[in-house]
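Since the structure comes first, as structure tokens, the remarks are kept for the end.
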Amino acid sequence: MLAYIIRRLWQMIPTMLGVVLLVFLLFNWVGGDPAYILAGKISNPEQIANIRRQLGLDEPVYIQLWIFINQILSFDFGSSWSTGEPVSQILSTRLGPSLTLLIPLTILETVIAIALALAVAYVRGSLTDRVVMIVCTVAMSISILVYIIVFQYGFAYKLGLFPVQGWGEGFAENLFHYAALPIIILLAVSIAPNLRLFRTFVLDEVGQDYVRTARAKGLSESRILWVHVLRNAAIPIITYVMSNLPALLIGAFLVERFFSIPGIGREIILAVERSDFPVIKAITVYVAFATMLFNLLTDLLYQAVDPRVKLK
Amino acid sequence: MSMATLSSQHSPGLWTLAWRRLRVDRVAMLSLAVVLLFLLTLVLSATELIAADWEVEVGVNYAPPSFVGAQSASERGMTEAPATTAETPPENPYDPLKDVIRQLRAEMANSAAPSVTNDYGIPDPLEKELTEIRSNQSTTSVSLEKQETLPLGADKWGHDIIKKTIKGAETSIIVGLVSALLATVLGTLFGALSGYFGGWIDDCFNWFYSIFTSIPYLLLILAVAAVLQQKGVTTIILILGLTGWTGVFRLIRAEYMKHKEREYVLAADAIGASHWRKMFVHIFPNVSHVALVQMSILVVGFIKSEVILSFLGFGVPVGVVSWGSMLNEAQNELILGKWWQLTAATVAMAVLVTAFSLFTDALRDALDPKLK
Amino acid sequence: MTNKVEDNLLEVRDLRVQFRIDKANTFDAVKGISFDIPRNMTVALVGESGSGKSVSALAVMGLLPVENARVDPASGIVFDGRNLLALSAAERRKLCGKDMSMIFQEPMSSLNPVFTVGFQITEVLRLHMGMSAKQARTRVIELLEEVGLPDPASRIDYYPSQLSGGQQQRVMIAMAIACEPKLLIADEPTTALDVTIQKQIIDLIISLQQRRQMSVLFITHDLALVAEIADRVIVMRHGEIQEQGDAQQIFAHPSHPYTQALLHCRPSLDTRPQRLPVIDDMMQGDKKTDIVLPQRTRGYAVGEQPLLVVNKLSKSFFSRVGLFGKKEFKAVQNVSFTLPRGKTLGIVGESGSGKTTVGLTLLRLHTATGGQALFDGKDILAMSRQEFLAYKRRIQIVFQNPYASLNPRFTVGQILMEPMQIHQIGANDQERTALAFQWLHKVGLPEASFHRYPHEFSGGQRQRIAIARCLTLQPEVLVCDESVSALDVSVQAQVLNLLQDLQDEFGISYIFISHDLSVVKYMADQVMVMHQGEVVEMADSDELYRHPSHPYTQALLGAIPKGMHQPR
């Protein structure tokens, strides 16, 4: 087991280097000289000179790369080009709100989607099944933007059930008051695609031979679905949910922006709007690392959940 | 040992069989019809046969749809920027200057008619030409009179929503189709090479794959958008296409790895087929339907991504219409109670994407039917 | 067979089952069959693929997929006096697993991979017998012992993937007999297992039948297999019953031509006629079967110049272990043999013996790790790819799976033309098309096949196409890698006859690889027995079968079902 983990970490290194190179190429080379980019946004020439010196733009390329790597390893990307706030501080403070949104969301959406998928599998092939699938398709074809605009307008602005925007101090206040409508919106958006996917996973299992054996034993359909099939379908479901988590951090950016929730997603959008490269670079690199670690975790979890798989 | 009827010379291949299955599926045919309708609109719009003049402000600001009825003057007046005519306040009988004011007002009302003499009492030598120009202006401004209602309403500046929606469709479909094509071609090529040859070629492509997939897709798009300063449809297509190949890659690679071990490929090897021949003459026709379905799925995804990008302002430049920019405007309009742009963009997008998705599902089932 | 009470446990009357293929088409899988299963008897239901035998069993159990299968309501299935089709789904479920149970062909996929063996068996005990968890666990260990699973106390907590195929099937059997059923349906329970294990499982089922006084419905495609165990035999073909009755009667005097074909088309260990009889011969009446065809002699002649000489052929597969280690799996170790012109070398072994790897390595579809193969004096394993291209004409291979060896997107014409185009046989495509027609004719297929796709042909026809593909190059050596193993018995005989005709006409040498000992004895001049990658014994085929010297060979021969000694 330990050997496996070490080997996986070792295999991650080229990928990490690749990500660093990609980000470096994108921002230091394609992105161009900050003097040019920030010309219209920062008027203080000394500030710009400072930034250029920090990045070592007058030095050869490999020195610039070395500076970048150092930044990554020491968690110090300097300060935001627009607000001057240290990037590390930005990252650490924005993580909390994002997680407050994402963890309850993930739990709820997974549980609800699984329950619905099993229910739909129960009536597979029937008219209900087809109608539900078409409704899902239609629901998925409406842009998330529309969901946000309409829900925000309807439930927050018009009906006043939730705050239109904002974030508070206390955890409970944030969770139940400010995060409530965003979570509801993201739930509404995610149910259709998750239901479709989980339904596929469940139906793949239902077609397997062991289900026929279970019926030959005289088990009821509901026991077959909820015990036998679910336990098998849980494997691809868990894999999917786990590997999707890092992406969710960013995926919530629209909601964060609309509701002015100070999370990582919103930070990214602001950074892109303001061409605030250090912030974008830092977030990209660290999220990529998190994704790789999550993939490793997912594989380990997979081993625990599927007795057929042996660590290699 | 009996054989199928020997009458027909040519028996149906995969695509013919799939088409036969599709033809019977009513939902599939309906979705296909809708998609084709959109494509037709696209062609007409791109060749400027329709909606070319979307920029002309043919309606009054925020003109509502015809079926709702025109806004009252007060509704409109409330929403217009500087008032074109100031309403005259009521006269104050106790004002000592009321006579002077009355005279001034009368003069102002007459100022619509241009004064024949200038301030110095000398007749204007260019007076005839000026009168002519002014009369021309008034006739043209009469024909440009803005309509009170339009079939689907107007936006803040009076643009016809129908035309904007059509233009938005043009943008979205072009972006969706071309980027999907680009991503599919890249993914298929890389996947084929990687899956077939294995070894260091596979390691190399996998390295790229893991880099691109470690960064969440949206983040990657935003990062690239941040860096590429110039906006445009080509830029979006490049961004989406060059980052979206990973899903296709993984699938096609898996297919190639599977087929490489199949006996018909071993048989091809045994009779002396070259690598190139095995990859593209033998295996590819068995894998092309997977690539096609993936491309179809990508089109839907890219349309949705383009809308979001344009909404945020990272997508199309200012002069180009996108459903995303329409939704952006709609956000503010909604608070003022104007819902028509939001509805038009949403419904158009929903219809296209639903039709495309349903057709994709039907296509997948027709190409690879399993007894459900 | 002892006399047993003739009280019918199961009575099936006019059973009809229809499948829906797509919106417009249906398919009649079972077309009105009637049979009885008496109490305490073993009834064999024999038929080839597509005969409807499995579908009938699934209909009795109520396990047909509801989405697309339809049992005609006019059918009658009466079990222990109750009309099953009149019962509700819940009532029927109560019978499944308790009074009637079923085991399937593929034990690996028939067991739930994520639950332990113990969990799956206790489940059925707790459901039908109302046992507590503790009681059930004790009972499960007893059952596992009864079915011959070694070390049941610890195996009860194993996952199916940790057991071998034979052990998994024993677990399935334990699960099926746990609640003392009156009827056990075994659907091809041994087809997926090795020959030596097959015998053990069949013996187990029979001993359980006798000990527990239950009826067994044994479904198989191999009539010979049930000769020793069946009291009654039912023969099915294309959804209809061809013949049924007392087992001894059927084996001694089969009345229906199809039954006769099933019995006689298989190569037997005792005789080796010039040609195997095929179904058409049977259908024409008794006259043909009375003619005793001359025997074919086989064996290597002394002093024959070998065409192919293989010395110490080895092939190992490597996999990564730990951080830096490598694990070697020796698939083939030091295999040596010779092959003269126009003769057949048979390679026999169970799964994992390496016999298929030998064939693939000779064709250079795998890269050998050691050894040499001298074809007409030159080592074809050491040549460059370019040089070997010329030799590809001379040595070819026919694979086992007729459904995977032809590219589904190519027409038969394209399949046949391709090798000729690559090796520049024939001056232009017109000539090649004419040649292709010739070869189609030679393998017994009509010219119209040229424009058709493989999916329109049956398994036997596809193998013929595969053989024709090889013939276009006019090879001197043909490797037949389990080429008839996936075919039904009646079709097998036809393909074997074709191969023999081709050898007689063109003098092709064969390397005939198979796990089926009777077939190998029929086809091969010399036989090489392989076990776990090594050659265990090699001799002229008559000699080997008469006097096997190695214990493994003896075990293999001992496992062949015997009830087939017919006076000829």
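What follows is calculated from the coordinates using simple rules that are stated; it is not laboratory data. Quantities reported herein were computed from a predicted structural model and do not represent experimental measurements. Cβ placement follows ideal geometry from the backbone for every residue including glycine, while neighbour counts extend to all protein chains displayed.
Each DSSP beta bridge with both residues in the protein assembly as shown is either parallel or antiparallel, and the antiparallel ones are about 60%. Across segment C:146-303, the fraction of Cα-Cα pairs farther apart than 23 Å, rounded to a whole number, is 52%. Dipole orientation for chain A: of the candidates A:188, A:147, A:84, A:188 has the Cα lying most toward the positive pole (charges on Cβ; Lys, Arg +1; Asp, Glu -1).
Can you tell me the 0 to 90 degree angle between the C-alpha axis of helix C:117-129 and the longest principal axis of chain C, rounded to 10? Tilt of helix C:117-129: around 30 degrees. When each of A:83, B:16 is scored by the number of other beta-carbon atoms lying within 10 Å, the sequence from fewest to most is B:16, A:83. With the biggest extent put first, the Cα atoms of segment C:77-190 measure 43, 33, 24 Å across the principal axes. Between 0 and 90 degrees, rounded to the nearest ten: what's the tilt of helix A:264-273 against the longest Cα principal axis of chain A? With both axes taken from Cα atoms, the answer is about 50 degrees. Among the listed pairs B:164/B:338; B:260/C:326; C:312/C:355; A:158/B:338; B:231/B:338; C:343/C:521, those whose Cα-Cα separation exceeds 21 Å are B:260/C:326; B:231/B:338. Annotation for residue B:234 and residue A:83: the two label points, set 7 Å from Cα along the Cα-Cβ direction, are 3.7 nm apart.
For the protein assembly as shown, the Kirkwood hydrodynamic radius comes to 36.6 Å, computed from all pairs of different C-alpha atoms.
The alpha carbon gyration tensor of segment C:299-434 gives principal lengths a ≥ b ≥ c with a/c of 1.5 or higher and a/b no greater than b/c, which makes the shape oblate. For the peptide C:152-160, the mean number of other protein chain Cβ atoms found within 10 angstrom of a residue's Cβ is 1. Residues whose amide H lies under 5 Å from that of residue C:344, counting only those 5 or more places away or on a different chain, are C:510, C:525, C:526; hydrogens are built 1.01 Å from N in the peptide plane.
Using a 10 Å cut-off on Cβ to Cβ distances, tally the other chain neighbours for every residue of B:206-212 and report the average as a whole number. Partner-chain Cβ atoms within 10 Å, mean over residues of B:206-212: 5. Note that segment C:142-212 carries a Kirkwood radius of 12.5 Å, evaluated over its alpha carbons pair by pair. Residue by residue along A:206-212, Cβ atoms of other protein chains within 10 Å of the local Cβ number 6 on average. Binning the C-alpha pair distances of chain C at 10 Å intervals from 0 yields a P(r) profile of 3, 15, 24, 25, 19, 11, 3, 0 %, listed from the shortest bin outward. Fewest neighbouring Cβ atoms within 10 Å first, the residues A:177, C:128 line up as A:177, C:128. Under a model in which nothing but the beta-carbon of Lys, Arg (+1) and Asp, Glu (-1) is charged, the protein assembly as shown shows a dipole of about 2700 debye around its Cα centre. Compared with the dominant principal axis of the Cα atoms in chain C, helix C:195-212 is inclined by about 10°. 3J(HN,Hα) along segment A:298-308, derived from phi through the Karplus expression 6.51 cos²θ - 1.76 cosθ + 1.60 where θ = phi - 60°, amounts to 4, 4, 5, 4, 4, 4, 5, 8, 10, x, 6 Hz, with x in place of Gly and Pro. List the aspartates and glutamates whose Cα lies under 18 Å from the Cα of residue C:94, skipping any in the same chain that are fewer than 8 positions away. Partners within reach: A:221, C:80, C:123, C:180. For n ≥ 4 DSSP H runs only, could you compute -39500 (n - 2.57) per run for chain A, divide by its residues and tell me the 222 nm figure to the nearest 500? That calculation yields -22500 deg cm²/dmol at 222 nm.
Shown in residue order for segment B:312-327 are the 3J(HN,Hα) couplings computed by the Karplus curve 6.51 cos²θ - 1.76 cosθ + 1.60 at θ = phi - 60°: 6, x, 9, x, 6, x, 4, x, 9, 8, 9, 4, x, 5, 5, 5 Hz (x for Gly and Pro). Amide H contacts of residue C:532: C:353, each under 5 Å away and 5 or more positions distant or on a separate chain (H built 1.01 Å from N in the peptide plane; Pro and chain starts excluded). Put simply, the amide H of residue C:452, placed in the peptide plane, has neighbours under 5 Å in C:412, C:413, leaving out anything fewer than 5 places away on its chain. Quick one, what does Rg over Rh come out to for segment A:155-287 if you take C-alpha atoms and the Kirkwood Rh? Taking Rh as the inverse mean 1/r over Cα pairs, Rg/Rh reads 1.15. An oblate overall shape is assigned to chain A, the ratio a/c of its alpha-carbon gyration tensor axes (a ≥ b ≥ c) being 1.5 or greater and a/b not exceeding b/c. Using the average count of surrounding beta-carbon atoms within 10 Å as a protection proxy, the listed peptides A:169-176, C:471-478 rank, highest first, as C:471-478, A:169-176. The modelled label-to-label distance between residue C:387 and residue A:296, using points 7 Å beyond Cα along the C-beta direction, is 4.9 nm. Panel order for B:204, C:480, by other beta carbons found within 10 Å of each beta carbon, from fewest to most: B:204, C:480. Using helices alone, what [θ] at 222 nm do you get for chain C, with -39,500 (n - 2.57) per DSSP H run of 4 or more residues, divided over all residues and rounded to the nearest 500? Helices in chain C give a 222 nm mean residue ellipticity of -10000 deg cm²/dmol.
Sequentially through segment C:76-92, phi angles give Karplus couplings (6.51, -1.76, 1.60; θ = phi - 60°) of x, 10, 10, 10, 6, x, 10, 7, 5, 6, 8, 7, 6, 4, 5, 5, 5 Hz, Gly and Pro residues having no value and appearing as x.
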